[in-house]
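What follows is one structure encoded as structure tokens, with my remarks underneath.
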Amino acid sequence: MQVRVLTYNIHHWEGTDEKVDVARVAEVIRATAADIVALNEVYHPAPWLERNRPALSVMAEMLGMGWVFGKATEYPWQGQAGLVGYGNACLSRWPIRAYAVHRLPPIPDREPRSLLEVCVELPDGQPLTVYVTHLDHQSEAVRLVQLQAALQWTLRDRGRPHLLLGDLNALSPADFPEPEQWQGMLAFAAAEGFTLEEPKAIPRVLRAGYLDCFAQAGKGEAPTWPTASARMRIDYIFASPALASKLCYCQRWDISPAEIASDHFPVLAMFEL
């Protein structure tokens, strides 16, 4: 049995052309033929004005998938009155049997973050747990605190097949095997107006026993952000040891209209169970 898993920061359905287009994001996801989809930067229940229904449920309906949402915080949405939940979501073409939202440690002056835990029943009746998160975008130290907390939840599934997915806003040393490559990334960051810190978050995930699917079986280009001129791989699919030997391949999905549907490219992995 093949299982295709996607992680995608959809930038609240707003493309690089500044248009909110739910159907376009759905088109990207449909083309990947993913069975399970982890989503970041999702507003819910944000109304999609073209349908006057929550955008997340409309998109899931377009794809013929079930869905759950995990709120991290609240923000205004498209000029609507009041605040709307903002966080992570998961779509599945197979039954979602249970889910939970875990708050990650609050950090002063930082956006609240959460971990969405989802149990999917595979066609053979076996459960697969998927953890979806989106870590801080400013500080490696903050990301490390958030990640340590997330691992307290994921490690309960030690020995059972599960996945950790999402926009971790973190870099992997595996992408910079030579010193000059890291120096080039530092120069890019400086030109963009931000500073990079020594990668610690991704090494922490690896020490916990997870397999970085792209580093292990990646095909094609690696960087996922920004789509206009991708330079940084910050979107990940990590497989637990019980799934590591089942990984077939992993790839950045950059087939049109992915280059304009969001400011992130999605990442797809395929497992043979």
Antiparallel DSSP beta bridges within segment 115-207, as percent of all bridges there, nearest 5: 55 percent
Residues of type aspartates and glutamates that Lys246 reaches as a straight line, Cα spacing below 12 Å, ignoring anything fewer than 8 places off in the same chain: Glu272
Cα Rg, Dmax (largest Cα-Cα span) when computed across segment 152-204, Å: 14.9, 44
Net charge dipole size for the chain [Lys, Arg +1 and Asp, Glu -1 on Cβ; Debye, nearest 20]: 940 debye
Trp77 long-range amide H proximity, modeled H, under 5 Å: Val84
Cysteines having no other Cys beta carbon under 4.7 Å from their own, within the chain: Cys90, Cys119, Cys248
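Tell me, what % of the accessible area of segment 75-154 is carbon and sulfur with a 1.4 angstrom probe?
In segment 75-154, the share of accessible area belonging to carbon and sulfur is 53 percent.
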Segment 36-79: equivalent-ellipsoid semi-axes (sqrt of 5 x gyration tensor eigenvalues, Cα, Å): 17, 15, 7
Sequence of Asp254, Asp212 when ordered by accessible area, the most exposed leading, probe 1.4 angstrom: Asp254, Asp212
Over 23 Å [Cα-Cα, the chain], rounded percent: 49 percent
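Could you tell me which of rounded, prolate or oblate describes segment 1-125, using a ≥ b ≥ c as the square roots of the eigenvalues of the alpha-carbon gyration tensor, with rounded for a/c under 1.5 and, failing that, prolate when a/b is larger than b/c and oblate otherwise? Write down the numbers at each step before the final one.
Working: a/c = 1.89, a/b = 1.21, b/c = 1.57.
Because a/c hits 1.5 or more and a/b fails to exceed b/c, segment 1-125 counts as oblate.
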Percent of C-alpha pairs per 5 Å bin, segment 135-273, short to long: 2, 10, 19, 22, 21, 16, 8, 3, 0
Segment 50-94 versus segment 213-273: alpha-carbon centroid distance in Å: 23 Å
DSSP H segments from the chain that extend 24 Å or more along their own axis, Cα-based, with Kyte-Doolittle mean of 0.5 or above: none
Surface per residue (accessible, 1.4 Å probe) for segment 2-74, Å²: 37 Å²
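The values are calculated or read from the model by the stated rules, or taken from the named source; none is laboratory data. These numbers come from a predicted model, not from an experiment. Ideal geometry is used to build each Cβ from the backbone, glycine not excepted, and the neighbour counts take in all protein chains shown. What goes into the accessible areas is simple: the full protein's heavy atoms, side chains included, and nothing from ligands, DNA or RNA. Shrake-Rupley method; radii C 1.70, N 1.55, O 1.52, S 1.80 Å.
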